[in-house]
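In what follows, a structure is listed as structure tokens, so that the remarks can point back to it.
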Amino acid sequence: MIYLDNAATTRPKPPGVAEAVAAAMNEYGNSGRGTHPEALEAARSVYGVRQTLASLFGCPRADRVAFTPNSTMALNVAVSGLLGPGDHVLSTDLEHNSVLRPLYRLRAQGAEVDFVPADRQGRIDYADFDRLLRPNTKAVVCTHGSNLTGDLVDIGWVGDFCRRHGLLFILDASQTAGVFPIDMGKQHISVVCFTGHKSLMGPQGTGGLCVGEEVEIRPFAVGGTGVQSYSETQPEAYPTRLEAGTLNSHGIAGLGASLAFLERIGWDAVRAHENALARRFYESVKTLPGVKVYGDFTVQERAPIVTLNIADLDSSEVADELAERFQIATRPGAHCAPRLHRALGTEDRGAVRFSWSYFNTAAETDAAAEAVRTLAEEAL
């Protein structure tokens, strides 16, 4: 199988990731739940990954990195813990439901939400942020890279906008974490929400949020922390403030192994390889009769995603053909991005997403382009 569904989860994982998970399962105790060697080994491993992530994202302190099972949970923690009734929030039409649904729930509780609109190619006009600004605007919550088109948001511009207007900036880095530079200080980001199993190439069930030093988030969940057991309330100190219950230290160990691999390869090299393959595919399919590609390819820096439709075929039909006839894994449908599908005019049939990782090759990319060519010729 040629696996081109890396925007959903990367596959395969780097060498050493599965081994790190297995070793942790066999050797670790419970991080923060004792002082015996097995518990301390787990705690040291978890803290080491916090340090790596803090350095990667420009987070001011390692204890400001809190782990969650995924970026969806991290976004729920950030949105519910920083915003409330009466607040006004800005977001965009590019968002995944991991941003949209927490914002819709917040709106149902009495907040106000406006979305910067996207055009038919999925582009946004940054002037709309100023147009939609209100006296009670408290935050911008937005993605760094669209999981549907691969278009990037200029987070430097958004961060500066938030700085000028005294707003919180909550960033969904699900598709970009690590591979694209993120610096909380330089880009004025209040909270970075990330997942471990996509661009960071770690196990599923890992993710978290990096919290700026001046940001105080109300706990989303409360419970056991291993410290202050006689207190009736969640501890105030980070990261336990946001980490109720036992951590997935086995998965976090695997995430640490994937981060070590990516650091050895070099983040710039990973990004260049993935983008070169996505661009190679795009150049091969963009002019094929009957093929419609979505997103702004006039810019070179993009997430390694190419999304398309063929003639009047439903996206699920195309993805099934790619899988059954050509052994190519892609993602059809709505991609949990309903507002952007409406903007693109693909709400009814969805679209077929091809997405690359470091382990994909030029030969696989060319085979996928040839499969699209064959399906397009047959459809016409």
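The values are calculated or read from the model by the stated rules, or taken from the named source; none is laboratory data. Quick caveat, the model's predicted, so the values are computed rather than measured. Ideal geometry is used to build each Cβ from the backbone, glycine not excepted, and the neighbour counts take in all protein chains shown. All accessible areas refer to the heavy atoms of the entire protein, side chains included, with ligands and DNA or RNA removed. Shrake-Rupley method; radii C 1.70, N 1.55, O 1.52, S 1.80 Å.
Heavy-atom accessible area, probed at 1.4 angstrom with all protein chains present, ranks Trp267, Trp157 as Trp157, Trp267, highest first. Normalised by the number of residues in region 83-182, the average gap of Cα pairs under 8 Å and 6 or more apart makes the relative contact order 29 percent. Region 67-123 and region 130-187 have their alpha-carbon centroids 12 Å apart. For the chain, the longest principal axis of the alpha carbon atoms and the long axis of helix 267-285 meet at an angle near 20°. For the options His197, His250, His273, a Gaussian network treatment of the chain with springs between C-alpha atoms closer than 10 Å singles out His273 as fluctuating the most.
Nearest 10 degrees, 0 to 90: what angle lies between the long axis of helix 37-57 and the longest principal axis of the chain (Cα atoms)? On a 0 to 90 degree scale, this one is about 50. Taking every C-alpha pair closer than 8 Å and separated by at least 6 residues, the mean separation divided by the residue count of the chain gives a relative contact order of 24 percent. Once you list every other residue whose beta carbon is under 13 Å from the beta carbon of Ile265, what net charge do they have if Lys and Arg are +1 and Asp and Glu are -1? Spelling it out: positives minus negatives among the neighbours equals -1. Of the whole protein surface, His36 contributes about 90 Å² of accessible area at a 1.4 Å probe radius. Using only alpha carbons, the chain has a radius of gyration to Kirkwood radius ratio (Rg to Rh) of 0.98.
Helix content alone sets the calculated 222 nm mean residue ellipticity of the chain: runs of n ≥ 4 DSSP H residues at -39500 (n - 2.57) each, divided across all residues, give -12000 deg cm²/dmol. Between Pro203, Pro289, Pro239, the residue with the greatest mean-square fluctuation in the GNM of the chain (Cα pairs under 10 Å linked by springs) is Pro289. Please report, as a whole percent, how much of the solvent-accessible surface of region 179-299 comes from carbon and sulfur atoms (probe radius 1.4 Å). C and S atoms contribute 52 percent here. Hydrodynamic estimate: the Kirkwood radius of region 1-118 over Cα pairs, inserted into Stokes-Einstein at 25 °C and 0.890 mPa s, corresponds to D of 139 µm²/s. Axis angle, to the nearest 10 degrees, between helix 362-379 and the longest C-alpha principal axis of the chain: 50 degrees. In a DSSP loop and with at most 14 other Cβ atoms within 10 Å, the chymotrypsin sites (Phe, Trp or Tyr not before Pro) in region 171-259 are Tyr230. Checking Cβ-Cβ separations below 4.7 Å across the chain identifies Cys142, Cys162, Cys193, Cys336 as cysteines lacking any candidate disulfide partner.
Antiparallel versus total DSSP beta bridges in the chain: what percent is that, nearest 5? If I count the DSSP bridges inside the chain, around 50 percent turn out antiparallel. Accessible area per residue for the chain, computed on protein heavy atoms with a 1.4 Å probe, is 40 Å².
Coordinate range of the alpha-carbon atoms in region 281-380 per principal axis, descending: 34, 32, 23 Å.
Once the cut-off is 12 Å, how many percent of the Cα-Cα pairs in region 336-380 end up in the long-distance tail? Tail of the P(r) past 12 Å holds 71 percent of the pairs.
Taking the protein heavy atoms of region 17-131 in the context of the full set of protein chains, the accessible area attributed to carbon and sulfur is 50 percent at 1.4 Å.
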